[in-house]
1. For the stretch A:66-111, name all the residues that are more than 17 Å from A:Pro40 (Cα to Cα) and polar (S, T, N, Q).
2. Return the residue satisfying two criteria in turn: it lies in the stretch A:862-902 and is in contact with a Pro (Cβ under 8 Å, 6 or more places away or on another chain) and touching a residue at least 40 places away in the same chain (Cβ under 8 Å), and of such residues it is surrounded by the fewest Cβ atoms within 10 Å (Cβ to Cβ).
3. Take A:Gly883 and tell me if it is away from RNA strand B (no atom under 16 Å from the Cβ) and over 30 Å from A:Tyr3 (Cα atoms).
4. Quick check on the stretch A:516-530. Is at least one of its residues under 30 Å from A:Trp190 (Cβ atoms) and among the hydroxyl-bearing types (Ser, Thr, Tyr)?
5. In contact with a strand residue (DSSP E or B) (Cβ under 8 Å, 6 or more places away or on another chain), at pLDDT 95 or above and not in a loop (DSSP other than H, G, I, E, B): is that true of A:Gly309 in this structure?
6. Looking for something among the small types (Gly, Ala, Ser), within 39 Å of the chain's Cα centre (by Cα) and under 26 Å from A:Leu314 (Cβ atoms) - is there at least one such residue anywhere in the stretch A:376-392?
7. In this structure, does A:Val461 turn out to be β-branched (Val, Ile, Thr), within 16 Å of RNA strand B (Cβ to nearest atom), farther than 30 Å from A:Lys174 by Cα and touching a strand residue (DSSP E or B) at 6+ places or on another chain (Cβ under 9 Å)?
Amino acid sequence: MKYTPGKIEKKWQKFWSLKKVYHSKNFSKKPKKYILVEFPYPSGAGLHTGHLRSYVAADVTSRFLRAQGNEVMFPLGWDAFGLPAENYAIKMGVQPEVSTKQNIKNFKKQINSLGLSFDWSREVNTTDPNYYKWTQWIFLQFFKKGLAYEAESLINWCPKDKTGLANEEVVDGKCERCGTVVEKKEMRQWYLRITKYAQKLIDGLQSLDWPEAVKLQQENWIGRSEGAEIEFPVVNPRVKKFIILHGRASTPDNNFYPWLKKELEKRGFKVEVPQMPGIPEPDDEEQANYVQSNYDLDEGTVIVGHSMGGVVALRLLERGIKVHGVVLVATPATGKFLDGKPRHSVTKAVQKGFDYGKIKKQSDYFRVISDSTDSVVPHEDGKILADNLGAYCKIVAANSPHFNGEKEPLLLDELLPNIKVFTTRPETIFGATYVVLAPESPYVQSRMKKSDNKNEIEQYVEDTKKKNEIIRLATDKEKTGVELKGLKVINPATKEEIPVWIADYVLPQYGTGAIMAVPSHDLRDEQFAKKYQLPIRMVVNEKGKLQNSGEFSGLDFEVAKKKITEKFGNSKVTYKLRDWVFSRQRYWGEPIPLIHCPDCGTVPVPEKELPVKLPKVKKYEPTGTGESPLAAIDSWVNVKCPKCGSSAKRETNTMPQWAGSSWYFLRYADPKNKKQFANLKSLKYWLPIDIYFGGMEHTTLHLLYSRFWNQFLFDQGLVPMSEPYKRRQPHGIILGEDGEKMSKSRGNVANPDAIIKQYGADTLRMFELFLGPHEQTISWNEKGVVGVYRFLQRSWYLVSDNVSSKNKDSEKVLFEIARVIKRVEEAVREMKFNTAVSSFMEFINAVSGESISKETLKKFAITLAPFAPHIAEEFWKMLSGKGSVTTQPWPTFDPKKLESQISSYVIQVNGKFRGNLAIARGSSEEDVKEEASKIETVRNAIGALKVKKIVFVPERLINFVV
RNA sequence: GCCGGUGUGGCGGAACUGGCAUACGCGCACGACUCAAAAUCGUGUGAGGUUACCCUCAUGUGGGUUCAACUCCCACCACCGGCACCA
């Protein structure tokens, strides 16, 4: 009988499917194992050898664990949303829905042709509305907890894919998918606040059984660094005095006034807080009179007017008083109040109006600060004032509504402009000889116009915008920058006035977007300082002791770091991780379930209306304008606000491909649930995942994102564990035969179908494992396939030649079968599948020609089944075993059979191999020594020399030292 | 630059806890079967010296520890992967 894989494999695949042998039960009494492989996106190209790496390994593991008596869940599904699927549909000129369905069908066929033991009863598909309903639902939980937010900012934009990208999707300044150089684009985008979980994501790694390399890579990506934030006050010699005008019913002793006075005085300014007349219902003119006649206001004065005090400040200027600056804090402009209570004096004062034309000329600058949480004065009033005064209006969240807190630190920032820097080396502050701002820094924007070299700065900022990420981030590039002339800051340690520069080597999104430059102890600062001839001062010597550092000189740098941080700043931890850009301007993704209402703002779609289904459209190509194709579908976009019922519009951006894959492993536990994404009881039974097989390339993408989602869901009490993946098993990349990455354009993509056709799935499976260690990168080389095929063929003859015999096992066979079971068991546990295959081959080589029993052949079939399940089933049938080989318990072996009665000793002289000795097990050192000494080669090696010492390792080795 | 990893025959690779380096497979050579070929089976296959037996040298390089090192320690080299003007 010949081995014909083509015939037997189809048959058994059908059998497994019909008998549902791989379906796993919830709440079985057996111990559970959850084995997971990364679910594929069903591309048009079909399954490739890269997929096989983890699928086959995970399949072997699953089958092995089943045989060992576990309830094993080994599911698969489809990650079918996203750019590749959409691009493929565009290319084929069909709807993504259609091509996706087709591709899934094809994939499934290929997967089944490999005999993989997936539990198809748990299949999920991210594009199925019953699935993405829950993706949307989870998104809304993020939204409700303030972890999904909308912001306008510079993001990475891929001009080819015509969509925004997350930071993780940009590799070397290029789009991770298509390799196009990304651009920076100012866009409104949805973000997930993954940065809030930065620390948790680092901490969680500790307890996981993951390869160190993977943990490290995630840790580096999150990029925690400890340092300090230090403020460098801006020099403004013209300001001598502050006068704080309190609000309508206040006194100088309440609100933030005493605190602010103290803070300003600490910095050497004169501060006055007049006790205004006429409270609680004052007259603005009367108060202005009082201030005018009792206090000196001049061009060195800054007036801080809080609420009604702001109105008085404007009145003073209207009268012709000149001051240096005016800061209006929560100052009313319309006379309307949010709480509806009347404040007649204020309304009366405001409604008289102001002569803004005149007022504007009386102060060098105006600044308006409103509180977004104000419960009295609408913050829109601030905008009105700012417009009229031509000033910059800042809307912030005050410590206490209407700035009624005892401390309002944001005010201090406004009154005393300073540049806040982040540094990991605060101990070098005495060497900070200049400060550098990122060109994108908002401070540069507001300061630029006043600068002495305005044009030069504007030009530099413009130039920076035009540079793409690659050029900007090239480290070998010569540093460039311009000085912000007319601006100086004070080094808080040395009290020196130092210059402020703008340079693109400082990045806007890290730290505070500003640095203190210490050219003596930072290479980049040094390059910059040398080019622009800025001073360089050594402050730490080679032995790590401070010098030229005032009272800190002589201290060890570690000690100084602590002390200096305490004295001049605050310790601060920053992360490189950035918030996750979560919207895409493409069609084929989950619609973001939000509605924009002109009155109510952004309103979530009510839960019972989920899923927000992706509408069917004719044109789904990207628009390129930064808007999703969905925006063009009026009938879908226009809806009623769920809160107030007025006309509103749907959010038209879709989610990135990473959304559906961020929680799919939870759905497998309870895939058909209509009321929840999965019930807690099922999750408790199955999770966490025992082994997660997948690629290294997902370490800082899917693996990080899904841990974040899971941790969030855990915090909401929706999942039972904070970490989903107990053990991670990455695999090496399979390169093409030419040693290059497999790609269609190179034409080096290996097609598994051809091998299956020629040699069968069992050969392909075992060959794939035999190629090399699972974690290692390997080149696909089909030459070796034949070796595995020969092995299966020899196994076939071994079994078929012995089925009808009544042989007994020879001693050798008993030893070999025990050995192979043991070795395979160990190999699977340690994921050394290549050596498992070797063990099988050695077994076949060793027992050919031996007398072998049916019992032993059955054991062999069960052991082989995880690797080559089809042929193993056939063996099982031939050997008249009952049922399926896949449901047989793992064979046991007698460990005593492994201990031969004869020990083979290695004989060494001076550590060099000189011969072997076969001697009865348990022989004494004396006996071994005597027998060994008789061997000629050993005698020759010892010769006339004297044996000084004998090293004896029982049952293994004897070494004569001469 | 920083952080990981890997270096073993012609090739893919194995070697437990320091104990016969090169298992297993490919390839190659020779032989058997055959009219012949393929397939299959058998034998051999690290390098050099020696026609035998045997000796010497070999696990990226140089050193060290040890009776004994692919394995442990130190220094260096090469390649692969990740991060990277991250203050």
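The values are calculated or read from the model by the stated rules, or taken from the named source; none is laboratory data. All values derive from a computational prediction rather than experimental measurement. Cβ coordinates were reconstructed from backbone atoms using ideal geometry, including for glycine residues, and neighbour counts include every protein chain displayed.
1. A:Gln68, A:Asn70, A:Gln95
2. Taking the stretch A:862-902 and keeping what is in contact with a Pro (Cβ under 8 Å, 6 or more places away or on another chain), we get A:862-863, A:870-871, A:885-886.
When the remaining residues are screened for being touching a residue at least 40 places away in the same chain (Cβ under 8 Å), the result is A:862-863, A:870-871, A:886.
Values: A:Ile862: 21, A:Thr863: 25, A:His870: 25, A:Ile871: 29, A:Thr886: 23.
The extreme case among them is A:Ile862.
3. Working: away from RNA strand B (no atom under 16 Å from the Cβ): yes; over 30 Å from A:Tyr3 (Cα atoms): no.
The answer is no for A:Gly883.
4. Of the stretch A:516-530, the ones under 30 Å from A:Trp190 (Cβ atoms) are none.
No, the conditions are met nowhere in the stretch A:516-530.
5. Numbers: in contact with a strand residue (DSSP E or B) (Cβ under 8 Å, 6 or more places away or on another chain): yes; at pLDDT 95 or above: yes; not in a loop (DSSP other than H, G, I, E, B): yes.
It is true that A:Gly309 is in contact with a strand residue (DSSP E or B) (Cβ under 8 Å, 6 or more places away or on another chain), at pLDDT 95 or above and not in a loop (DSSP other than H, G, I, E, B).
6. Looking only at the stretch A:376-392, we keep the residues that are among the small types (Gly, Ala, Ser), and these are A:382, A:386, A:390-391.
So of that shortlist, the ones also within 39 Å of the chain's Cα centre (by Cα) come out as none.
So far as the stretch A:376-392 goes, no, none of its residues is among the small types (Gly, Ala, Ser), within 39 Å of the chain's Cα centre (by Cα) and under 26 Å from A:Leu314 (Cβ atoms).
7. It is false that A:Val461 is β-branched (Val, Ile, Thr), within 16 Å of RNA strand B (Cβ to nearest atom), farther than 30 Å from A:Lys174 by Cα and touching a strand residue (DSSP E or B) at 6+ places or on another chain (Cβ under 9 Å).
Rundown of residues vs (1) in contact with a His (Cβ under 8 Å, 6 or more places away or on another chain); (2) small (Gly, Ala, Ser); (3) within 18 Å of A:His698 (Cα to Cα), yes/no style:
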residue	(1), (2), (3)
A:Asn167	no, no, yes
A:Asp172	no, no, yes
A:Gly179	no, yes, yes
A:Lys184	no, no, no
A:Arg188	no, no, no
A:Ala198	no, yes, yes
A:Ala213	no, yes, yes
